[in-house]
Each structure stands twice: as C-alpha cells, then as structure tokens.
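**Q** Below is the structure I would like to discuss, written out as structure tokens.
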Amino acid sequence: MRTSQLLIPTLREDPGEAEIASHRLMLRAGMIRKVAAGIYTYLPLGLRVIRKIERIIREEMNRAGAQEILMPILSPAELWRETGRWDFYGKELLRCKDRHERDFCFGPTHEEVITDLFRREVRSYRQLPLNFYQIQTKFRDEIRPRFGLMRGREFLMKDAYSFDKDEEGAGRSYQKMYDAYHQIFTRCGLNFRAVEADTGLIGGSMSHEFMVLADTGEETILFDENGAYAANVERAEVPPPPGASLEPQRSLQKVSTPNATTVEEVCTFLKTSPENLVKTLLYHTEKEEIVGVLIRGDHEANEIKVKRCLGVTGLTLADAETVARVSSAPVGFAGPVGLKNIQILADHAIQGMRNFVVGGNESDTHLLNVNWDRDFKVDIFTDLRQAQAGDPSPRGGTPLRSAKGIEVGHVFLLGTKYSQAMGATFLDPNGKETLAVMGCYGIGVGRTAAAAIEQNHDRKGMIWPLSIAPFHIHLLPVTASENVQETTQALYASLVNAGLEVLWDDRDERAGVKFNDADLIGAPFQVTIGDKGLATGAVDVKNRRTGEITKVSYKEVATYLSNQLSLNKTPQLENW
Ligand code: ATP
Ligand code: MG
C-alpha cells in the first residue's frame, strides 16, 4: 500500500490531551481521531490493527467451537427489565426512545439479548452445549472516558455466551474459553496474566480477568512467586490470622482525644500504632439499613467483600448526619461499644486482637483496652479488607507481590442467573424443563491494541508485535533518483508476492521525516533504499525492536525478510 493513497495524518508534536503512551502514539501515528469524549474514528492504520486482533480472536473462538452471530446494538428495555438491569445498570446504560416512545438502550453487554434468543430457539438437551460469539460495537456511558481506546464509551468488544445442561458442562465451556483467551493474547504478543476477579454488574459465581502487565494499568493485581495465586486486588482473599493474641485482657478505659479523628491523629495522640486501632465504618446499604464494619487501623475496607458478605449490591458510607444519629458523635469517633441495633461485621484480623483502641461514640473520645469478646458483639467475622503486597498468599502463605495491569479480557461462570430471570430452559432426557447454565466471555478489541502499545513502544514510537502490526514492512525510498524509484517498485512487488504486508512511503518528503514516521508507526521492519547503498547493490533493513541495521542485497530482500519474519515471530513471553 502506498502512503500517498492512505490517510495517515501523523503529528510531530505530542497531543496535549493524551496522558499515556498508547493514546499519544495512536493519535500521533494517525491511527485514531476523537469524534467526542470516548468516541473515535479508526483511520486506516488503526483499523488494520483492530482487524488483525479480530482475526486472531475469530480463529481461536471458532477453534474452540463457538459460533459467530451478530446481535443488534440497540436492545429493547423489556428484556432488561426482565433481569432487573434496566434499573440496576445506572447511568452507564445509555437509553433512548424510538418514535413510538418505546424505551431502548445501546447494549453495554448482551446477556439479555442472547438469553432471549436461546429461550426462543433452543428446545432440547441434544442441542447443548452451545456457545455464541460476536464482535460488535458496545456503548457504555463511562463516567470518565479516557486514555483513547483504553476506556472509550463506544468500543469494540468480542462477547461470547455459553449454554450448558449442567454445572459440570458449564465448567468445561468456561475452561475452553479460558484456554482460548490464553491463545489469543499469546498470539497478540502480549505479556499477560489471568487473575481471579470479582463478577461486578455481570454477576455469576466464578470469574477471571486477563491482565496485560503495564505500569499504566488501572487495575492492581496481587500474585505469589510460585504462580499458585493471582487475583485482582478487588478480589484477593486475605487468610485469617494465625491465632488469637495471648495478651491478658486489661480493663476498658475512656480517654479524651480532642480533635483526633484520623487514624494517624489518634495514634499520635495516644502514642500507639495503627495496628492497635480498630476503625468503625458505618455504611448504608440499598435496603436502607446501617451496618458497622470494623477494620484494623492500618488496613483498608474492601467494599466488594462487604457487599458480598451482606448480599447487597449498593453500599455507601453513611453521611455525617447519619453517623451523628447512630453513634451520637461526629465522624471520627464512632465505635462498636454500646452501638445499638445495628449489625456489626468485623474483618477477621480483629479476631486476633486484644486491648485495642476504638472510637468512644462521644465527641473527642476514644476507648482503650477494648476486647471484642467482652465489650461488644460481632455478628460476623470474615475477610473484609483489601489485600496488599506482603500479605500471605491464600494458597501457601508466601508473601504476595503487586503489579499494575490492563484488563483486556474477562470470563464469567454465570450459572443460572440470567436463565432463571428470563426462563431460558431446555428439555432434559426425561422431558423435564431445566434451566440452562451459562457463561459469558468478553475481550476489549481496541483496549487490546492499546495494551499492546503500552507494552511495546519506545521514545520514538510503537513497536508492533508481528501478529498485529498494521504492516510488516515499511519501505522507505530516500531519494527521488530513477534508480531508487525503480528498485523500490521492484522490491515492493517482490515483497508483496512473498505474502508480506508492505507500506511504501512514496511521499516526496525528506529522509528524516520518513524515518521518524516509520519509527512512530512501528512496523517490525524498515527497508531503506538510497543511492549510496544501491551503488553496492544493497539496501538497509532495520529491525524496529532492536534497532539493528543489516545491509542486504536488494535481490535478496524478499527472501531475507520472509525468513526474518517467520524466525522473529513475536517471542512467547514469560508470564512474569
Ligand atoms: P472495566 O472494569 O475496565 O470498566 P469491565 O469489567 O466493566 O471493564 P467487562 O464487562 O468485563 O468490562 O467487559 C469485557 C471487556 O471489555 C473488558 O475486559 C475490557 O477489555 C473491555 N472493556 C470494558 N469497558 C471498556 C471501555 N470502556 N473501553 C474499552 N474497552 C472496554
Ligand atoms: Mg471486567
């Protein structure tokens, strides 16, 4: 393809709006352009990358036995009302009305639509298992769209949905997708890790996220050295403490702590450490109840765990007025001793503590030497805090390490959540109506492209893994002489004949401009054709990743590059 025939509006300067490399480089290389916040046009180079990722996804999904369909972008509110998600999904669900005032939404995900298809079309256990997938535009009215394709509002997703006759079958379908995802991200040349994850708004009983490791990732993952455990920090379990403290219980003491409301202030004032303090957090649940959550002073509450423990989906910290009403004290002085008529949950670290400090339920007051078994009642002890680096792994106890990751894929074992809500049944061998057991599986196509750039770039630009590069080779004639032009033409033909994808920079530009653009666009190889080299029958072949330049006889370039490209297949990177 000739550069002059493609719209590749490269930019010399960094666009101000881009905070991370992938966003900046995709804009600079003329791959994408913003239309509105979180909404982009893919230009030819960007679209080629997207199409390549889609191709890898299709091949692996087909190989895993999934069948491709295409569902509509708009879906009717009735389907979403059946599962309760019309109300539950909140503002991320972009809604609209048609001319008859009927409610619709732009699909952020398609469980409702596919489950409706299943219940209408599938009758018998003989038709199962089934797995449907599509690669389609999703819309989520994200509160903070940013980082280009990484977090868009309109974005391309591959979503798949499996239907099985029982849990065991669903587990097998899940595993197949899990394995296919490994293949897909490996083929995309990514350094990634599958981690245990929370199920969020989609729901279900088990889930894994596929995380591309990158410092710019928005997710934090925790993992142990020996590969036995890896989880999103939202999900990561904290094992119970080894045992209770043997310290004798001392008598409860009330002390004045004027204006000391934060853990730090209280500790400084009382000359104690945060490990000896217990925070009392008061939360509102969606059921309009108030619950007290006790967390050790140096730990953070994990609200997802609290929600799971309570079986609620909505949870917000109580406002100052509620805190004052429930605890009779301003924010910062609530404590569990004497707190009436509210459920108390405590992180299990507290089970091992003795003689700790809590708020006194009075202004400027704390209590010392508090003991949970003597001074107040805990309704539930469980794992409620955020895990952190250094905590023991729940599988084997070695210390966890943390890393940043970009979530490119997510697999969920849904169980019967949607089939139950929507009546998606089939007839078992005895003619009995049985609920289908489902799984769902997503990959962000654009986010995968962006993640690949985060992992593969340098100061000058992108360095594409071969499998998803917009072109394999960038051909750079650097003078206008007849010899150079003719050789370039011949080279182009021979490379294309050899099955290679070639971008030919036929612009009338200075060599420096062409080199800069080629480094920016990041094709795995650049071939420079100049008069000086040709005088000796050679062209320069540059490996974009290593920067190594090799002189190759122009007659042998096609063979040389064919060999290099299959030899240099993106290495299968270590997971860590
Ligand atoms: P996130 O936590 O990043 O908002 P999610 O957990 O809501 O994502 P899923 O519902 O699991 O996302 O969607 C499946 C996949 O779609 C994600 O793994 C991700 O790759 C992609 N994806 C989700 N939201 C976006 C977005 N706003 N922009 C681009 N890709 C997205
Ligand atoms: Mg997810």
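**Q** Please determine, by comparing only the residues of region 397-421 that are of a type in the set (A, V, I, L, M) and more than 13 Å from ligand 1 (Cβ to nearest atom), which one is surrounded by the fewest Cβ atoms within 10 Å (Cβ to Cβ).
**A** If we take residues in region 397-421 being of a type in the set (A, V, I, L, M) and more than 13 Å from ligand 1 (Cβ to nearest atom), then Ala421 is surrounded by the fewest Cβ atoms within 10 Å (Cβ to Cβ).
**Q** Now a separate question. Any chance region 264-286 includes a residue that's within 16 Å of ligand 1 (Cβ to nearest atom), among the acidic types (Asp, Glu) and at pLDDT 95 or above?
**A** Looking through region 264-286, none of the residues is within 16 Å of ligand 1 (Cβ to nearest atom), among the acidic types (Asp, Glu) and at pLDDT 95 or above.
**Q** Scan (1) in contact (Cβ under 8 Å) with a residue 40 or more places away in the chain; (2) assigned to a helix (DSSP H, G or I); (3) open to solvent by less than 60 Å² (accessible area, probe 1.4 Å) for the single condition Trp80 breaks and write down its number.
**A** (1)
**Q** Still on this structure, I have one more. Taking Gly335, is it part of a loop (DSSP other than H, G, I, E, B) and touching a residue at least 40 places away in the same chain (Cβ under 8 Å)?
**A** yes
**Q** In region 143-169, which residues are more than 17 Å from His23 (Cα to Cα) and either within 16 Å of ligand 2 (Cβ to nearest atom) or open to solvent by 20 Å² or more (accessible area, probe 1.4 Å) (or both)?
**A** Residues satisfying the conditions are Ile143, Met157, Lys158, Asp159, Ala160, Tyr161, Lys165, Asp166, Glu167, Glu168.
**Q** Moving on. Quick one: would you say Thr115 is open to solvent by less than 70 Å² (accessible area, probe 1.4 Å) and within 16 Å of ligand 2 (Cβ to nearest atom)? Walk me through how you get there before you give the answer.
**A** On the way: open to solvent by less than 70 Å² (accessible area, probe 1.4 Å): yes; within 16 Å of ligand 2 (Cβ to nearest atom): no.
So Thr115 does not fit the description; no.
**Q** Any residue in region 454-477 that's in contact (Cβ under 8 Å) with a residue 60 or more places away in the chain: show its pairings with residues that are hydroxyl-bearing (Ser, Thr, Tyr) at Cβ separation under 7 Å, as long as the two are six or more apart or on different chains.
**A** Filtered contacts from region 454-477: Glu454/Ser22; Glu454/Thr216; Pro465/Thr570; Leu466/Thr570; Ser467/Thr570.
**Q** For region 349-378, give me each residue that is open to solvent by 20 Å² or more (accessible area, probe 1.4 Å) and part of a helix (DSSP H, G or I).
**A** Matches in region 349-378: Gln351, Trp372, Asp373, Arg374, Asp375.
**Q** What do you reckon, is Ala37 open to solvent by less than 60 Å² (accessible area, probe 1.4 Å) and over 25 Å from Met422 (Cβ atoms)?
**A** Yes.
**Q** So, one more: Would you mind telling me which numbered condition in (1) under 22 Å from the mean Cα position of the chain (by Cα); (2) in contact (Cβ under 8 Å) with a residue 40 or more places away in the chain; (3) open to solvent by 30 Å² or more (accessible area, probe 1.4 Å); (4) outside the structural domain of Gly446 (by TED's automatic domain parsing) Arg28 fails?
**A** The one condition Arg28 does not meet is (1).
**Q** Please specify each residue of region 188-232 satisfying the condition of being within 14 Å of ligand 2 (Cβ to nearest atom) and among the aliphatic types (A, V, I, L, M).
**A** Ala194, Val195, Ala197, Leu201, Ile202, Met206, Met211, Val212, Ile221, Ala231
**Q** Is at least one residue of region 275-282 under 27 Å from the mean Cα position of the chain (by Cα), open to solvent by less than 20 Å² (accessible area, probe 1.4 Å), under 26 Å from Thr220 (Cβ atoms) and in the same structural domain as Ala349 (by TED's automatic domain parsing)?
**A** No; the residues of region 275-282 include none that is under 27 Å from the mean Cα position of the chain (by Cα), open to solvent by less than 20 Å² (accessible area, probe 1.4 Å), under 26 Å from Thr220 (Cβ atoms) and in the same structural domain as Ala349 (by TED's automatic domain parsing).
**Q** Next up: Would you tally the residues in region 256-269 being in contact (Cβ under 8 Å) with a residue 12 or more places away in the chain and open to solvent by 40 Å² or more (accessible area, probe 1.4 Å)?
**A** Of region 256-269, the ones in contact (Cβ under 8 Å) with a residue 12 or more places away in the chain are 256-263, 266-267, 269.
Those still in the list that are open to solvent by 40 Å² or more (accessible area, probe 1.4 Å) too: 256, 258-259, 261-262, 269.
Number of matching residues: 6.
**Q** Among the residues of region 380-395, are any outside any loop (DSSP other than H, G, I, E, B), away from ligand 2 (no atom under 16 Å from the Cβ), surrounded by fewer than 17 Cβ atoms within 10 Å (Cβ to Cβ) and among the basic types (Lys, Arg)?
**A** no
**Q** So which residues in region 64-77 are outside any helix (DSSP H, G or I) and either open to solvent by 20 Å² or more (accessible area, probe 1.4 Å) or in contact with a helix residue (DSSP H, G or I) (Cβ under 7 Å, 6 or more places away or on another chain) (or both), if there are any at all?
**A** Initial filter on region 64-77 (outside any helix (DSSP H, G or I)): 64-76.
If the condition is that a residue be outside any helix (DSSP H, G or I) and either open to solvent by 20 Å² or more (accessible area, probe 1.4 Å) or in contact with a helix residue (DSSP H, G or I) (Cβ under 7 Å, 6 or more places away or on another chain) (or both), then Ala64, Gly65, Gln67, Glu68, Ile69, Leu70, Met71, Pro72, Ile73, Leu74, Ser75, Pro76 are the ones that fit.
**Q** I want to confirm something. Restricting to region 422-437 and keeping residues that are assigned to a strand (DSSP E or B) and free of Cβ contacts under 8 Å to residues at least 40 places away in the same chain, which single residue is surrounded by the most Cβ atoms within 10 Å (Cβ to Cβ)?
**A** If we take residues in region 422-437 being assigned to a strand (DSSP E or B) and free of Cβ contacts under 8 Å to residues at least 40 places away in the same chain, then Leu435 is surrounded by the most Cβ atoms within 10 Å (Cβ to Cβ).
**Q** Criterion first (in contact (Cβ under 8 Å) with a residue 60 or more places away in the chain, in a loop (DSSP other than H, G, I, E, B) and charged (D, E, K, R)) does Glu112 satisfy it?
**A** no
**Q** For region 534-541, state whether one or more residues are open to solvent by 20 Å² or more (accessible area, probe 1.4 Å), within 23 Å of Pro465 (Cα to Cα) and in contact (Cβ under 8 Å) with a residue 12 or more places away in the chain.
**A** Taking every residue of region 534-541 in turn, at least one turns out to be open to solvent by 20 Å² or more (accessible area, probe 1.4 Å), within 23 Å of Pro465 (Cα to Cα) and in contact (Cβ under 8 Å) with a residue 12 or more places away in the chain.
The values are calculated or read from the model by the stated rules, or taken from the named source; none is laboratory data. This is a predicted model, so every value here is computed, not measured. Cβ: placed from backbone, ideal geometry, glycine included. Neighbour counts: every protein chain shown. Just so you know, the surface numbers come from the protein's heavy atoms only, side chains and all, with ligands and any DNA or RNA stripped out. Shrake-Rupley method; radii C 1.70, N 1.55, O 1.52, S 1.80 Å.
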